[in-house]
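Below you'll find the structure, written out as structure tokens, and then a few comments.
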Amino acid sequence: MKFNTKIIHGGQEHDLAYNAVVSPIYQTSTYSQSTPGGHKGYQYSRSANPTRYALEKAFASLENGKYGLAFSSGLAAIDAVLKLLKPGDEVISTVDLYGGTYRLFTNIYEDFGIKFHLVGMKNPNTIKDFITPNTKLIWVETPTNPILSIIDVMEVSKIAKAHHILLAVDNTFATPYLQQPLDLGADIVMHSATKYLSGHSDVVLGGLVVKDKDLADRLYFIQNASGAICGPQDAFLVLRGLKTLHVRMQRHCENAKTVAEYLNTHPKIENVYWPGLKSHHNHHIAESQMHDFGGVVSFSTKGNDYNAAVKIVENLKIFTLAESLGGVESLANHSASMSHVSVPKVEREKIGVLDSLIRLSVGIEDKTDIITDLKNAIG
Ligand SMILES: *Cc1c(COP(=O)(O)O)cnc(C)c1O
């Protein structure tokens with residue numbers, strides 16, 4: 001089955017009760033049993049729920065995995081992966097991590113005795129310097145947030161495999177439409193389905209996909225034991241959103257290309273970050289591991305003035321000033337005061353999150369309106 005067909009049908013069966021074409025919302029906590037243990041596979045909705053299961057199968061299908069798991073948020077999904085670890089274990093991850101992931105690693109799991117090495121992975125060989133016998137997990141984001149760095153997943157997976165280390169990839173920015181990390185050698189794919197997978201800025205939900213049965217069993221155990229599951233309504237919304245992922249992504253990428261090229265020639269703009277630009281540091285890797293370059297474009301202004309950047313985001317009219325990304329509507333984010341406010345200034349500047357950095361989640365509106373809006377706001 002080709003991806004554009006899988007997005008509609010992948011992992012999906014018609015409802016067993018009444019042949020409903022769309023997976024119904026099973027808004028129930030429990031299920032009747034004819035005799036103790038006499039049930040149809042569902043006993044209690046923390047452990048399993050038919051709507052959630054339909055979503056989990058869709059996740060697995062889209063990422064070319066075997067097992068999917070859905071959580072109450074992207075961070076709950078990351079949290080479940082970290083619970084595979086024990087005190088004394090070490091994790092190698094990227095320097096320009098999503099702010100919430102950084103906070104979870106450094107403000108929570110470090111206190112539980114897990115050590116994190118946050119390293120630049122533009123050249124994957126850097127990882128080798130940080131591997132110890134205790135290294136159990138490599139956590140990669142690509143493209144990264146908000147600088148859109150590209151990491152070569154296949155090269156990282158070779159290093160991980162050689163040292164028997166699990167490799168997890170946060171595929172939120174790319175989505176399986178653009179990039180399938182399991183095919184590139186990753187063991188775990190993670191999603192904030194809050195973003196492109198649901199696509200309509202109306203739900204918070206996370207997902208994991210793996211191929212290995214033993215790993216799936218361990219993660220399922222954690223999902224059930226810790227209980228950070230998503231509700232059936234939210235699972236339904238993501239299932240609904242998923243079905244248009246391919247058409248939305250196509251337009252996101254097309255509009256983002258127009259925006260990146262516009263900003264790239266603007267006299268007031270200093271840096272433009274979008275993996276599709278020839279000037280991008282790892283453009284050739286993006287070309288080989290992605291089908292297109294995604295809908296997020298970041299930029300900083302000449303003079304790097306904090307207040308000037310704030311003025312730009314305030315002046316935007318089509319772009320809404322808001323956290324998050326990946327919805328049909330265009331959003332703008334001033335990273336230093338919003339998404340990366342929990343990352344200390346020195347740390348944030350080391351990774352290129354300058355005072356004037358603005359991250360655009362380019363929506364699927366008409367691109368001439370989007371460009372006019374930027375033109376008016378930047379001046
Ligand atoms: C939003 C996001 C997360 C966290 O997901 P939530 O659904 O907000 O918990 C993790 N990684 C990336 C790249 C994100 O954009």
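The values are calculated or read from the model by the stated rules, or taken from the named source; none is laboratory data. Keep in mind that this is a model prediction, so the values were computed, not measured. For neighbour counting, all protein chains shown are included, and Cβ atoms are generated from backbone atoms with ideal geometry for every residue, glycine included. Side chains included, ligands, DNA and RNA excluded: accessible areas come from the protein's heavy atoms. Shrake-Rupley method; radii C 1.70, N 1.55, O 1.52, S 1.80 Å.
Table for the structure above
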item	result
Some residue of the stretch 179-201 being under 26 Å from Thr30 (Cα atoms) and in contact with a Leu (Cβ under 8 Å, 6 or more places away or on another chain)	yes
From the options Val247, Val238, residue that is of a type outside the set (Gly, Ala, Ser) and under 29 Å from Ser29 (Cα atoms)	Val238
Residue ID - nearest to the ligand (Cβ to nearest atom), chosen from residues in the stretch 164-205 that are touching a Gly at 6+ places or on another chain (Cβ under 7 Å) and of a type in the set (Phe, Trp, Tyr)	Phe173
Filter pass, Thr135 being surrounded by fewer than 21 Cβ atoms within 10 Å (Cβ to Cβ) and either at positive phi or away from the ligand (no atom under 13 Å from the Cβ) (or both)	yes
Out of Ile127, Ile147, Ile229, sole residue that is farther than 27 Å from Arg46 by Cβ and either open to solvent by less than 10 Å² (accessible area, probe 1.4 Å) or at pLDDT 95 or above (or both)	Ile127
Every residue from the stretch 55-101 that is more than 16 Å from the ligand (Cβ to nearest atom) and surrounded by fewer than 23 Cβ atoms within 10 Å (Cβ to Cβ)	Lys57, Ser61, Asn64, Lys66, Tyr67, Leu84, Leu85, Lys86, Pro87, Gly88, Asp89, Glu90
